[in-house]
1. Which ones in region 88-141 are aromatic (Phe, Trp, Tyr) and either crowded, with 17+ Cβ neighbours inside 10 Å or in contact with a helix residue (DSSP H, G or I) (Cβ under 7 Å, 6 or more places away or on another chain) (or both)?
2. Among the residues that make up region 68-86, is at least one of them modelled with pLDDT under 95, out of contact with any strand residue (DSSP E or B) (no Cβ under 9 Å at 6 or more places or on another chain), surrounded by fewer than 18 Cβ atoms within 10 Å (Cβ to Cβ) and not in a helix (DSSP H, G or I)?
3. For region 38-55, check the following and say yes or no: at least one residue is surrounded by 18 or more Cβ atoms within 10 Å (Cβ to Cβ) and in a helix (DSSP H, G or I).
4. Can you tell me how many residues within region 16-30 are surrounded by 15 or more Cβ atoms within 10 Å (Cβ to Cβ) and more than 11 Å from the chain's Cα centre (by Cα)?
5. All but one of (1) out of contact with any Pro (no Cβ under 8 Å at 6 or more places or on another chain); (2) free of Cβ contacts under 8 Å to residues at least 40 places away in the same chain hold for Ala49, so report the exception by its number.
6. Taking helices (runs of 4 or more DSSP H) that fall entirely within region 91-141, which contain at least 1 residues that are in contact (Cβ under 8 Å) with a residue 60 or more places away in the chain and closer than 14 Å to Phe81 by Cα?
7. Residues to consider are Phe58, Phe100; find the one that is over 27 Å from Leu17 (Cα atoms), at pLDDT below 95 and of a type in the set (Phe, Trp, Tyr).
Amino acid sequence: MPVASPAEVWARRSPQLLSVLRIVAGFLVLWPGTMKLFGAPVPMPTGGAAVLGSQLWFGGVLEFLGGTLLLFGRWTRPVAFVLAGEMAAAYWQFHAPRGFWPVANGGTSAALFCFVFLYLSAAGGGPWSLDERERRRQHGG
């Protein structure tokens with residue numbers, strides 16, 4: 001039996017790495033949501049939390065709920081699609097007016113999250129997700 005190359009072994013791990021990407025992205029995006037909604041674990045740069053019903057508050061709701069859902073892999077595709085749109089809007093509204101280069105306008109994270117979420121909206125949550133568990137339950141396998 002031939003020995004698998006490191007590239008073949010690594011390629012076989014891509015479904016699990018998709019789940020790891022989703023888990024990490026969900027974990028990382030939920031914290032800006034908690035900052036906006038609850039002023040924790042750190043307050044917003046302006047102090048405290050976002051004003052209830054404000055645009056920042058709605059962004060916090062999307063990030064907190066969406067990040068939590070992504071962390072567990074529930075409704076991954078639609079949630080990631082909505083978050084990709086939120087990140088695109090955040091980039092163009094808040095960062096792009098400060099200059100062209102993301103590294104200079106503070107928008108690197110928003111731009112990267114946008115494309116990670118866009119990828120997750122197409123690829124799904126991977127094998128370690130509640131979506132996959134539900135799919136297996138419905139299809140008996």
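1. Within region 88-141, Tyr91, Phe113, Phe117, Trp128 meet the criteria.
2. Within region 68-86 (the criterion being modelled with pLDDT under 95, out of contact with any strand residue (DSSP E or B) (no Cβ under 9 Å at 6 or more places or on another chain), surrounded by fewer than 18 Cβ atoms within 10 Å (Cβ to Cβ) and not in a helix (DSSP H, G or I)), the answer is no, since none of the residues qualifies.
3. The answer is no; no qualifying residue exists.
4. Of the residues in region 16-30, the ones surrounded by 15 or more Cβ atoms within 10 Å (Cβ to Cβ) are 18-19, 21-23, 25-26, 28-30.
Those still in the list that are more than 11 Å from the chain's Cα centre (by Cα) too: 18-19.
Final tally of qualifying residues: 2.
5. Status for Ala49: all satisfied but (1).
6. Numbers: elements: 102-105, 108-123, 130-138.
Qualifying helices (runs of 4 or more DSSP H): 108-123.
7. Phe100
The values are calculated or read from the model by the stated rules, or taken from the named source; none is laboratory data. These numbers come from a predicted model, not from an experiment. Please note: Cβ atoms are built from the backbone with ideal geometry, for glycine as well, and neighbour counts cover all protein chains shown.
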